[in-house]
1. Just for segment B:63-80: of the residues that are surrounded by 12 or more Cβ atoms within 10 Å (Cβ to Cβ) and touching a helix residue (DSSP H, G or I) at 6+ places or on another chain (Cβ under 6 Å), which one is farthest from A:D226 (Cα to Cα)?
2. Among the residues of segment B:82-123, write down those that are of a type in the set (D, E, K, R) and within 7 Å of another protein chain (Cβ to nearest Cβ).
3. Tell me which residues, restricted to segment A:97-144, are surrounded by 19 or more Cβ atoms within 10 Å (Cβ to Cβ), modelled with pLDDT of 95 or more and more than 13 Å from chain B (Cβ to nearest Cβ).
4. Which number in (1) touching a Phe, Trp or Tyr at 6+ places or on another chain (Cβ under 8 Å); (2) at pLDDT below 95; (3) closer than 27 Å to B:F153 by Cβ; (4) among the polar types (S, T, N, Q) marks the one condition that A:N154 misses?
5. Would you mind stating whether A:A423 is touching a strand residue (DSSP E or B) at 6+ places or on another chain (Cβ under 8 Å) and either part of a loop (DSSP other than H, G, I, E, B) or away from chain B (no Cβ under 14 Å) (or both)?
6. Collect the residues in segment B:124-168 that are outside any helix (DSSP H, G or I) and more than 7 Å from chain A (Cβ to nearest Cβ), keeping them in residue-number order.
7. Quick check on segment B:163-176. Is at least one of its residues over 30 Å from A:R329 (Cβ atoms) and out of contact with any Pro (no Cβ under 6 Å at 6 or more places or on another chain)?
8. On the given criteria, is A:T494 within 14 Å of another protein chain (Cβ to nearest Cβ) and either β-branched (V, I, T) or assigned to a loop (DSSP other than H, G, I, E, B) (or both)?
Amino acid sequence: MTSDKTEVLIVGSGFGGAIAAYHLAAGGAKVTVLERGPWLESKDFDHDFLLGSSYTRAFDFVVGDGMSVLGGNCVGGGSVVYFAAMPRAPRFVFERHGSIGRRMWPAEITRDTLDPWYDRVSESIPVSQQDWNDVTYSGGLWAAACHHSGRTANPTPVAIDNAKCTNCNWMMGGCQFDAKRSLLTNYLPAALAHGATIRPLHEVQKIERTDDGGYRVHYNVIDDVDYRVHTESGSIEAKIVILAAGAGATPVILQRSEESLGKMPHGVGRYFSGNGERLNTAILNEDKVREVLGLSREDGLAYEANQIGKGPTVACWDRLDENLPEYSRYSMEQLYFPPGLGTILAQVPGGDAPTWFGKEKKEILKRWRSWLTIFLMTEDDNEGVFGSPPPTGNAFRVSQQMLGRGALKYDPTPNTLSGWAKADAEVKEIMEKDGLAKIAPWTNDVVGAYTVHPLASCRIGDDAGTSALHPNHELRDHPGIFVTDGSAVPGALTVNPAMTIAALAERAVPGIVKAAQNRGIDVKYGAPSPDGATSGRRGVTKLALSLAGD
Amino acid sequence: MTLEAYADTIVPGEKRHPDDHAIAGVSEGPGSVEAGAIELLETEATGVTAGLDFLVPMLNAHAKAYAEEHELALDPSLPEFVALSYEDRVQLIVKLTKNGHPEKDGWVSLALFCNMAFDSAPHLSTAQAIADGHPGLLAMGITKPDADGLWRFPNYSYGRQLAELHPDTTPSGSPA
């Protein structure tokens, strides 16, 4: 058992952790980051499905009861394994009522008040709009299908350096070419340059209060090959703790800490949202792609390009209409999902049961190159609840890496089911028009619903009854503990959430700096972007002063 | 042989020889077994290997009960699950993997890895597996990498505007 001291202890190195680590280190605080996953560099990011390659080292798949969560598990967190789509959430999202019957976001947060923070992130990462030449065959096909059925379609804003991208479609296991602007290329190296320490393979177990009003954080050290094995344990004391372990793990750490910290706010481990996500697999008729949409590749093929690309490049936003009722708004985005865990959930369109395994399923696997995956992000009802925490981590680990069984329970309400059904029906209408394809949603029967964007298990809000965090991200009744990851987002966003998680983390920092100062830490707020740019800082200067309470 | 029959129900293949009982032979071309399902299940990293010794007798016990329930006569020289027809194997797996079945997690894990043996071959290095003619990866049409083992696609785009932009797109390229 080892013990140590720092000023600011951050749990997790994804968007929430890395952004806070950079600003606090740059401001002069002693910052230590504990990250449960390994520290991989670009040379470690394999093009390989082999167990033990970066595909299994860098992310976790946790099966719950009715919901499974796919998340990052490495230094850089979700940013290393995500597909780098970075849209801002539409205006109506901040006005959503969700399951509580009144506005769920804090009154002070709207799209207008968050836009300057989005701008900071956009400059820091950086995020850029793609043009039609960046759009992959699969994105182009989706755009053409949308157009053919009278809809619009947009190239999505992304955090990709297109000049470096080889369209290898391996980005879920990390980007070997450094084309994906993960946190390993911006906030984290800047945090390290300012003296922050990152300890990989440190999985936080629980938090307890020290006699001087600070906190002691207990961790286990994880074996770097077999994550089921703990090699040692220890603790570290800090004056401020920032939890950013992800929406599937942050509430579990707090649940396990309740015995030592005292009662948690009601919102801890409740109101989980899967961002209303659905995946549909279309199996294209190549002849119709050519005849109906007029598409063909340089090599003469019409499509057959499922393997080629870089994640989502085109989305249809026609249903992101604030005038539509809640639970009927959603985006429809083209996405690549690699073989492995995902492929088994694809169903034979219109087939006889069972549709997820068996001889008909094998026949559609043979047509894999003609698959197009459409990703639906709808408005769910925040109905996920975490049960009793497992002894360590956020799941009982099954495999050496990647696969675990968690305590999340998700029983979709009629609102959520209705939103899913509407989105499924629309994408079917688009993809099956004039015989373009046959399409079916992934089955929920095997591992429950499936999200790659877990949210809201420890959310901000104005109301103590339905939120775990004050609007400044401080845990209710536990001063000095902040949460800055996806768990703080109040509900489903109808678009990819990384940009909003990052903007909220940026917005939380001035208040955290102020709390650190009040606890005697010599730290200042006001760092530029990680590369030294300052326009984003200028945009939030006045906002930051008010958030810090000055 | 029982595990082979399970894997062959998830991704079926053709019989390896006329007396092949494990493979039901309902599909042309290799299936999960030939793709390496048993090798994958016996790879410790999966976390299911230690459980196989328990799952095999459980599966045969379920098959025996299924046969009794449906008044099927099974070939006594074969493990009970192997003795079932493909259609009956399917029905039994549907039952075992259904929501609410107390052993669902185990049977789903087994199905996941049997499927993965075919569609991603995680017991093998992918580039090498393709070079060696892995039947699942080849059936899916996954292309060969460049000489350095990495994939690159210099041609990737239709290269033209294919839809009108949403009218409420902001200068940042996001929805309004």
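1. Taking segment B:63-80 as the starting set, the residues that turn out to be surrounded by 12 or more Cβ atoms within 10 Å (Cβ to Cβ) are B:63-67, B:72, B:74, B:78-80.
Remaining after also requiring touching a helix residue (DSSP H, G or I) at 6+ places or on another chain (Cβ under 6 Å): B:63-64, B:66, B:74, B:79-80.
Values: B:A63: 35, B:K64: 37, B:Y66: 38, B:L74: 42, B:P79: 34, B:E80: 36 Å.
Only one residue tops the list, namely B:L74.
2. Of the residues in segment B:82-123, the ones of a type in the set (D, E, K, R) are B:87-89, B:95, B:98, B:103-105, B:119.
Scanning segment B:82-123 gives B:D105, B:D119.
3. A:M104, A:W105, A:P106, A:I109, A:S124
4. Exception for A:N154: condition (2).
5. Numbers: touching a strand residue (DSSP E or B) at 6+ places or on another chain (Cβ under 8 Å): yes; either part of a loop (DSSP other than H, G, I, E, B) or away from chain B (no Cβ under 14 Å) (or both): yes.
Yes.
6. Going through segment B:124-168, the residues outside any helix (DSSP H, G or I) turn out to be B:124-125, B:132-134, B:141-168.
Residues satisfying the conditions are B:D132, B:G133, B:H134, B:K144, B:D146, B:A147, B:D148, B:P154, B:P167, B:D168.
7. So in segment B:163-176, the residues over 30 Å from A:R329 (Cβ atoms) come out as none.
Checking segment B:163-176: not a single residue is over 30 Å from A:R329 (Cβ atoms) and out of contact with any Pro (no Cβ under 6 Å at 6 or more places or on another chain).
8. On the way: within 14 Å of another protein chain (Cβ to nearest Cβ): yes; either β-branched (V, I, T) or assigned to a loop (DSSP other than H, G, I, E, B) (or both): yes.
Yes.
The values are calculated or read from the model by the stated rules, or taken from the named source; none is laboratory data. Only a predicted model underlies this, so the values are computations on that prediction, with no experimental measurement involved. Reconstructed Cβ throughout: ideal geometry from the backbone, glycine too, with neighbour counts over all protein chains shown.
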